[in-house]
Structures are given as structure tokens and as C-alpha cells.
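The structure appears right after this line, and notes come after that.
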Amino acid sequence: MSAVTTSLPVRSEDEAFLASPIGKKVVMAVTGAALFLFVIAHMLGNLQIFMGRDKLNAYAELLHHNPGALWTARIGLLICALLHVVTAIQLATLRSKARPVAYIKKGNAGSSYASRTMLMSGPIVLAFLIYHLLHFTFGSAHPDFRNDVYHNVVSGFQRVPVSIAYIVAMVLLGLHLNHGVWSMFQSLGVAHPRYTPALKKFAMAATAVIVAGNVSIPLSVLLGLVK
């Protein structure tokens, strides 16, 4: 009588690494770095609204001049955002399984408000990104969408609820970035007592510039400085 044997699928080294907590942190760091660079480039492009209608519309026309590259970038960024959020949820699940019994007294020593809200702010920012595309890129969420980017931005932000939602989303993005940028360096192995203070200051400064730059646009529209 022969013994019945079952073979389990063998994971490759790459698959095993990506399934591990360290691998997932690296995925979050790489996708986070791509999104961080996009946020900076997107902000710099949008700030051209302060240079006038022609300048902003010329910038938008330049982006749409090569639709193939533009859609490749959009799809790539959306994949990065989805991977970033899904991996964050997977990491939170792994931590929960590793510590099934909650602490009697939850301590927050050594953790910031930003780090404690990462799991919440990430999906919210992703949801806002989708709305942002529907509002300013596709126009399906914009009541007065035209083939004029300057007009779309101004008329969109003249609606107070839209501007408030945008500002709140930027604050959440700032909370996410303030912790996420530092964690990105740490996950990629750039962590040393000598560099840590400088990296944390860089994360804070970059976050402040990004939030201030993005928030300045709806505020300027609401105040009538851009019209």
C-alpha cells in the first residue's frame, strides 16, 4: 500500500521576500517614493496658475501632447497608490495576528499622531485622488468643465465645499507624508543615528512645502486673488 503524498507549492525567494513584513515595507517604500515624487511634480505644475491662464494652459497642453506617455504615467501611479494602500492593510493585518491580545493600556510612547493615523489617511487620500481625477481630469464631477484648465481650476475652487474638501485632504496628505517620507528612508535601509535627525527634518520641511503649495491654490481662489 503506497503512501499518499501531497506537494505544497514552493515559493521562490522573491515571492517569499515580498510576502514577508520586510518585503512589504520595501514595497510601501518604493511605491511611496514614486508617489512622493509625483506629488512634488504635480504641485510645481499646478502652481503655474499664479503665472496666468496662458502659462497653466500651455503646461496642460504639453502634458496632453503625448497621450500614450500620459496614460502610462497615470496607470502606473494608480497601481502604485493601490499597492501602497493594500500593502499597508496587509502589514496592519500581520501586526494584528502577531499580537492577537490587545494591550490593557495602549501606549503611544515614541509614536506621532501621523504614524498612528497612517492606515486611515492612506485610503482617504487615495479616495480623494480618484475624486480629483474625476473633477479636474475627466470632468465628470465638475459642473462647468471646459477645455480650459485655468477655468476649470478657478470655477472648481470657487465652490466652498470643494475647496474645503481639498484643503482637508491636503492636511491628511501632510500627516501621511510627514511619517511616510521618514519611514521610506528607514525601510530602504537609510537609517543611522547620524542621519536620522536630518532625515526627519527633511520629511517635515518637504511636507510643509507640499501642503502650503497645494493649499495656496484653493485659498487664493476663495480670496479672489486668482480669478
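Nothing in this text is a laboratory measurement; each read-out follows from the coordinates by a stated rule. Everything numeric in this text was worked out from a predicted model, so none of it was measured. We place every Cβ from the backbone using ideal geometry, glycine too, and count neighbours over all the protein chains shown.
What to note about this one:
- Relative contact order of region 167-227, defined on C-alpha pairs under 8 angstrom at six or more residues apart (%): 47
- Residue pairs, from the table Lys97/Lys200; Lys55/Lys227; Lys25/Lys200; Lys24/Lys97, whose Cα atoms sit over 20 Å apart: Lys97/Lys200
- Exposure proxy ranking, count of Cβ atoms within 10 Å, fewest first, for Met204, Met170: Met204, Met170
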